[in-house]
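Encoded as structure tokens, the structure appears first; notes follow it.
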Amino acid sequence: MKLVGLLSGTSADGVDAALLEVMGAPPRPACRLLAYRETPFPPEARARILHAASGEARTRELTLLRRDLGRWFGEAARGLLAAAGVPADEVAAVGCHGQTVWHEPPCDPASATGTSLQLVDAALVAAVAGVPVVSDFRAADLAAGGQGAPLVPFADRLLFARPGRALAILNLGGVGNVTWLPPDGDGPDPLAFDTGPGNALLDEAAARASGGRLTRDADGALARAGAVDAGLLERLLADPFFRHPPPRSTGRERFGPALVEALVRERGLTPGAPEGWPDLLATLAALTVQSAARAIRTWVLPRGVQRVVVTGGGAHNPVLVEGLRRSLAPLPVETGASALGLDPDAREAVAFALLAWAFLVGIPGNVPSCTGAVEARVLGSWTPAPGRGPHPPAPPAVPPAGAGGGP
């Protein structure tokens, strides 16, 4: 079965698209990454997404953005298939996460059900790509009392769990999250949760520091030129979120433009002027590093782990990687494809391809030990493609335990 996974993360840089071949049946199919492609959003498109994520967009703006995201995601899938030379009718489904513009998880088990909004017109994705779409992955987990996040651990366990090896995967996208994988077959359930800010605060500060010329702090250049404000760092680390035990999730609502705006006003910084910005970037980089390192030391190290693999955009920022290596020493901190055996930039897009596969074969895609849901549930909603039939294909028969292949 061939599937496409589509994702745009909280940094809203563009669409990540992965073409995956899944062979065999649950619980342990074999997987092969056939192609991966990144399609950046034009500056105007990214600005519209970030405006929507600020909570300030009007209804018409959200509606038009939902339509346009459907077209952009569909074009990304179609472009990936064309580059790989794979016809659309050979692809069983597209797993499309859409674009998260608001995420409000339950604060505790006794609170009201959380909610999360991913914008995308799934019918338009299906029409443009010519492939049926599985989307709206968070809803079923939220309805089961979960955080609706993180969802990637389902794929992490299939792809990266190995006998005799406990692994932590730290993803530094717009938001930071970590997945702890116990040795395969040893019994404990995985653990995954958001650690706090990833790149979102750094991206926002870099844009303001440059008067809009930059979208990120490339190679950590601004942060490296500054000095960490220890007092401000400790004040930021006092946020109650960092003391909340897993399961937990967060987003730009908490660690995004509003926080940067407050810090800019407090420190009297002028957009586009050089003074003061490097120190703020250095402090925000330290916040990402220290919040992630503290989370790993508090909730991951006691479970046992041999190494940490850093993925996401933050893996390309040497200031963040060097800071993590210092903070977590002597625990090895690794980056790059050799650390996972898969292009780490493709990891999350591959995960949504596998979540679409899980929907098609009728198995749960959430991991309750990671999301806090009361039970495991099948995730996603089906949208047919023109000319492809109205219903998802019947799931294959599940072979006896032990009959499947390995990832």
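Some notes on this structure:
- Residues of the stretch 378-390 that are in contact with an Asp or Glu (Cβ under 7 Å, 6 or more places away or on another chain) and either buried (at least 20 other Cβ atoms within 10 Å of the Cβ) or of a type in the set (V, I, T) (or both): L379, G380.
- Every residue from the stretch 347-365 that is open to solvent by 10 Å² or more (accessible area, probe 1.4 Å) and outside any helix (DSSP H, G or I): G362, I363, P364
- Restricted to the stretch 276-312, and to residues there that are part of a helix (DSSP H, G or I) and of a type in the set (V, I, T), the residue that is nearest to the chain's Cα centre (by Cα) is T288.
- Look at the stretch 239-259: where a residue is more than 15 Å from R294 (Cβ to Cβ) and a partner is aromatic (F, W, Y) and modelled with pLDDT of 95 or more, sitting 6+ places away or on another chain with Cβ atoms under 6 Å, you get P247/F193.
Let's see how each residue does on (1) closer than 30 Å to F241 by Cβ; (2) touching a residue at least 60 places away in the same chain (Cβ under 8 Å):
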| position | (1), (2) |
| --- | --- |
| M23 | no, yes |
| L50 | yes, yes |
| A77 | no, yes |
| A82 | no, no |
| Q99 | yes, yes |
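- All positions within the stretch 100-153 that are assigned to a loop (DSSP other than H, G, I, E, B) and small (G, A, S): A110, S111, A112, G114, G130, A144, G145, G146, G148, A149
- Cβ pairs under 6 Å, 6+ apart, first in the stretch 206-231 and open to solvent by 70 Å² or more (accessible area, probe 1.4 Å), second charged (D, E, K, R): R216/D203
- Sole residue being out of contact with any strand residue (DSSP E or B) (no Cβ under 6 Å at 6 or more places or on another chain), at pLDDT below 95 and not acidic (D, E), chosen from G9, G79, G85: G9
- Complete set of residues in the stretch 305-334 that are surrounded by fewer than 19 Cβ atoms within 10 Å (Cβ to Cβ), touching a Pro at 6+ places or on another chain (Cβ under 8 Å) and polar (S, T, N, Q): Q306
- The one condition from (1) open to solvent by 60 Å² or more (accessible area, probe 1.4 Å); (2) part of a loop (DSSP other than H, G, I, E, B); (3) closer than 22 Å to F359 by Cα that P26 does not meet is (1).
- Against the list (1) within 30 Å of P332 (Cα to Cα); (2) modelled with pLDDT of 95 or more; (3) surrounded by fewer than 24 Cβ atoms within 10 Å (Cβ to Cβ), the condition A139 fails is (1).
- Looking only at residues in the stretch 122-136 that are buried (at least 24 other Cβ atoms within 10 Å of the Cβ) and not aliphatic (A, V, I, L, M), the one that is farthest from L3 (Cα to Cα) is S135.
- Among the candidates T283, T298, residue that is surrounded by 15 or more Cβ atoms within 10 Å (Cβ to Cβ) and of a type in the set (V, I, T): T283
- Single match in A168, A161 (criterion: open to solvent by less than 10 Å² (accessible area, probe 1.4 Å) and farther than 20 Å from A295 by Cα): A161
- In the stretch 242-275, the residues that are more than 16 Å from G196 (Cα to Cα) and surrounded by 16 or more Cβ atoms within 10 Å (Cβ to Cβ): L263, V264, L269
- Considering residues of the stretch 69-86 that are farther than 12 Å from L19 by Cα and open to solvent by 10 Å² or more (accessible area, probe 1.4 Å) only, the residue nearest to the chain's Cα centre (by Cα): W72
- Verdict on V264 being modelled with pLDDT of 95 or more and in contact with an Asp or Glu (Cβ under 6 Å, 6 or more places away or on another chain): no
- Residue in the stretch 192-203 that is touching a Cys at 6+ places or on another chain (Cβ under 8 Å) and either more than 29 Å from E56 (Cβ to Cβ) or touching a residue at least 12 places away in the same chain (Cβ under 8 Å) (or both) present: yes
- Between A161, A168, A205, the distinction of being within 20 Å of the chain's Cα centre (by Cα), at pLDDT 95 or above and among the aliphatic types (A, V, I, L, M) belongs to A168 only.
The values are calculated or read from the model by the stated rules, or taken from the named source; none is laboratory data. Predicted model only: the values in this text are computed from it and were never measured. Counting neighbours? That spans all protein chains shown, and the Cβs are built from the backbone with ideal geometry, glycine included. Each accessible area value is taken on the protein alone, full model and side chains, heavy atoms only, with ligands, DNA and RNA left out. Shrake-Rupley method; radii C 1.70, N 1.55, O 1.52, S 1.80 Å.
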